[in-house]
1. Applying the selection to segment 146-174, what residues are of a type in the set (A, V, I, L, M) and on the phi < 0 side of the Ramachandran plot?
2. Looking at Lys343, is it more than 19 Å from Gly295 (Cα to Cα), at pLDDT below 95, among the charged types (D, E, K, R) and open to solvent by 10 Å² or more (accessible area, probe 1.4 Å)?
3. Just one of Ile369, Ile330 is within 20 Å of the chain's Cα centre (by Cα) and not charged (D, E, K, R); which is it?
4. For segment 206-224, what are the residues that are open to solvent by 20 Å² or more (accessible area, probe 1.4 Å) and assigned to a helix (DSSP H, G or I)?
5. Of the residues Gly45, Gly37, only one is more than 16 Å from the ligand (Cβ to nearest atom), farther than 29 Å from Asn180 by Cβ and modelled with pLDDT under 95; which?
6. Is it fair to say Tyr177 is under 16 Å from the mean Cα position of the chain (by Cα), farther than 11 Å from Gly65 by Cβ and open to solvent by 20 Å² or more (accessible area, probe 1.4 Å)?
7. Could you grab me the full set of residues in segment 160-169 that are open to solvent by 10 Å² or more (accessible area, probe 1.4 Å) and either of a type in the set (A, V, I, L, M, F, W, C) or in contact with a strand residue (DSSP E or B) (Cβ under 6 Å, 6 or more places away or on another chain) (or both)?
8. Here is a list: Val272, Val203. Which entry is crowded, with 18+ Cβ neighbours inside 10 Å, within 16 Å of the ligand (Cβ to nearest atom) and modelled with pLDDT of 95 or more?
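The values are calculated or read from the model by the stated rules, or taken from the named source; none is laboratory data. The structure displayed is predicted, hence computed values, not measured ones. With ideal geometry, Cβ positions are generated from the backbone for all residues, glycine too; neighbour counts draw on all protein chains shown. Quick note on the areas: whole protein, heavy atoms, side chains included, nothing else; ligands and nucleic acids left out. Shrake-Rupley method; radii C 1.70, N 1.55, O 1.52, S 1.80 Å.
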Amino acid sequence: MGFQTDAVHAGQKPEPLSGAITIPIYQTSTYHQEELGKHKGYEYGRTHNPTREAMEKNIATLEKGKYGIAYSSGLSSVQALMGLLKQGDHVVISNNVYGGTYRQLELNMTNYGLSFSWVDTSDLKNIEDAIKENTKMVFIETPTNPMLNLTDIKGTVEIAKKNNLISVVDNTFMSPYFQNPLILGADVVLHSTTKYINGHCDVVGGILITNNEKIHERLRYLQNAIGAVPSPFDCWLTLRSTKTLALRMKQHNENAIKIAEYLESQSYAERVIYPGLKSHPQHELAKKQMTGFGGMISVDFGTFEKAKKVLNRVKIFALAESLGGVESLICHPASMTHAAVPKEEREKIGITDSLVRFSVGIEDAEDLIADIELALK
Ligand code: P1T
C-alpha cells in the first residue's frame, strides 16, 4: 500500500463490539479473565493495550518495519535500547545528537559500565576508526539536532554488518515520510513521537521499530519490565496524528524551503543550515537517502546579541523547546535543548551561542517570512 493508505488504515480494524471505525481509547489498567489461565490475550495495562497496539502497528508499517515498541518518551526509547547491551559494551555514536540523548548516555549510562565514542559520523571513516573489540552498537542521528549533519545510512549499515554491530538510526527529524532507515538495512529506528509523528505539541512519546525478531523480543520484554509505556489516550492522539503525517510533512517541507531560501538571501544571517539548500555540504546525500528535506532550519546569526533579538522579537514562531508541531517554534539550542552538553563540546560541533533553531510549522509561509523579516529589521 501507499504511505497515505497505510497511514489511515494500518493497524486499525473496526472495533468488534460496535464496529466503530475509530479505535477506542482502551482506558483500562487490567482485563477480566474468564477463568484461571484463560483470557483474551490481555492481562495487564502495562503489558498490553489495544490502543497502543494499533498505534505501534501503524507507525511500524509507515517505517516499513514489522514491529513497533512504544515508550512514554523518546528518551525512554533511548533507555530501552541500552537494554540490548551489557556492562562493558561500547557504542559508537554521532557527536551531535539531541542534548537529552547525550545527557542520558554520557552522564548516566557510563555509571553502569557502558562507554560511548562520540564521533562525527558524517565521515564514515570516523565510525570505522572508533570501533573497538567491545563495540556492540552504532547509533546515528541523521539529520542531527540541531546542526542538520547527515550520515550515510547505507554506509553505516555496511560497517555495522561487517563488524557485527546493532545499527540504530534516530529518524525523528525526517519522520517515516521522508526517510526509511530499515529499507537501507538499519536494525532499529528510533522516533521521538513527540515531534512530527504526533505533530501537534500535545503528546510526549517514543517508539522503536525493527524487523529483527530477536531485537523485538528483547525490546518488548523491556517495555513491560521497565514499564515506561505511553497512556492509552496518548496512543490514541498519536494514532489520529499519523493519518495526516504525509500532508503535514509536505507542508513543513514546502514552507521550510521558502524560509531557508529567504534567510539565505539576508545578510543578517551568517550561515543558514538546511539540507534542502545547495549550500548544505551534504545536499547530494540528502537527495539520495531522503525524499524531502524536512521542516528544521538552523541559523548562525554571528553574535549572541543578534540571535537574541530574533528569538525575542518573533511573534508567530513561539520561543519553546521541542519541534515538529503544526505550530512554528524557535529555540536557542545552546541554552535550551543542548544545555546538558558541555560548552566546549557544543562549540566544537557548531552549537554556538549565536545559533538559532527554527521548527517551521504548517502556517502560511508568507506570514512566517513576514514574522522573521519584522524581527530582523
Ligand atoms: O523529548 P523526547 O520525546 O523524550 O525525545 C527525545 C529526543 C530524541 N531524539 C531527538 C532527535 C530529539 O529531538 C528528541 C527531543 N528533542 C527535543 C525536545 C528538542 O527540542 O530538540
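1. Within segment 146-174, Met147, Leu150, Ile153, Val157, Ile159, Ala160, Leu165, Ile166, Val168, Val169, Met174 qualify.
2. no
3. Of Ile369, Ile330, the one residue that is within 20 Å of the chain's Cα centre (by Cα) and not charged (D, E, K, R) is Ile330.
4. Hits for segment 206-224 are Glu213, Lys214, His216, Glu217, Arg218, Arg220, Tyr221, Asn224.
5. Residue meeting the stated conditions: Gly37.
6. yes
7. Leu165, Ile166, listed by residue number.
8. Answer to the check: Val203.
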